[in-house]
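Down below is the structure, laid out as structure tokens.
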Amino acid sequence: ELDPRRVPMLLRLATPASSWAEQPDLDTVEPRVETFAHFLYGRALERSQGDSPALCAARRHAQLLAAQAWHIRAASGAALSAQIDAARLTDENQALRAQALTDQLTGTGNRRAFFNRIAERRGQPATVLSIDLDGFKAINDLHGHTVGDVVLQRVSVALAEPLGVSLGESALDSTTDTAIIARLGGDEFAVALDGDDLARAADIASQLSEAVNSLDWEGLLGTERQTVSVGFACGSYGTELLESSDLAMYVRKAARTQTGPPKNS
């Protein structure tokens, strides 16, 4: 006796793929009774004896029904495999793209990511901030590049927090994020934000400076402290805005060199 729970599976195998549903409706699958009978018919013919033309034709009919069910299942399996392969390829491509746009030391975007962002949003209102570590070469010379790398990593985390930006390959999505932080090279960083509000830009520049200045460097640098100079410019996305921001940063750095850093920096 056939287990009633297996009837939906049998009907699914015997029904054309275009008529499949997640849960076959046994009242609408056509022909319900005849389809069910085909399986019983095929099973009986497999066990039958004799070589009459009618019996041979019936066996052939049962074989064709079985072959049809097999091809439907094979086609469905091939389509599913293709979808899985396509999804895997998409994930791999996204991972490779993220790696190509990420600075591997700090987890920020890299130079390519930053200029991609500018190109993608060229002409839209923007704020760019240029950030440079003060006296970083001396840190490398005195403490070594391993300590210098740790400094860059800690500064990157501190800069990301006020911006609400995550670090790492999975964080880069220039099509939706309203801000990006990137290491352009060495100890130079840049931030690009949507919008051209000067007051907001000045406030963010102050937050970025304070985020680094408030770090505890004693365990790493002894009595020395790592500070940053931040410049900003507002306008439209484009390389010209980065040039203006860089100029503002160098003016700020020169002023800090002449007057000396504030006591808390």
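The values are calculated or read from the model by the stated rules, or taken from the named source; none is laboratory data. Predicted model only: the values in this text are computed from it and were never measured. FYI the Cβ positions are ideal-geometry reconstructions off the backbone, even for glycines, and counts take in every protein chain you see. Keep in mind that these areas ignore ligands, DNA and RNA; they rest on the heavy atoms of the full protein, side chains included. Shrake-Rupley method; radii C 1.70, N 1.55, O 1.52, S 1.80 Å.
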Query - Point-charge dipole on Cβ atoms (K/R +1, D/E -1) for segment 102-253, about Cα centre, debye to 20 - result: 240
Query raised in the report: What length, rounded to one decimal in nm, is gained on full extension from His145 through to Ala202, with 0.36 nm per residue of separation minus their alpha-carbon distance?
Result: 17.3 nm
Query raised in the report: What spacing in nm lies between the two simple spin-label points modelled at Thr239 and Glu218, each 7 Å away from Cα in the Cβ direction?
Result: 4.7
Query raised in the report: Can you give the translational diffusion coefficient of segment 120-236 in µm²/s, computed by Stokes-Einstein from the Kirkwood radius over Cα pairs at 37 °C and 0.692 mPa s?
Result: 220
Report summary line: Within the under-14-Å Cβ sphere about Val150, not counting Val150, Lys/Arg +1 and Asp/Glu -1 give a net charge of -4
Query - Estimated FRET transfer efficiency (Arg122, Val251; beta-carbon r; R0 30 Å; 0.05) - result: 0.70
Query - Ile131, Ile204, reordered so the largest accessible area comes first (probe 1.4 Å) - result: Ile204, Ile131
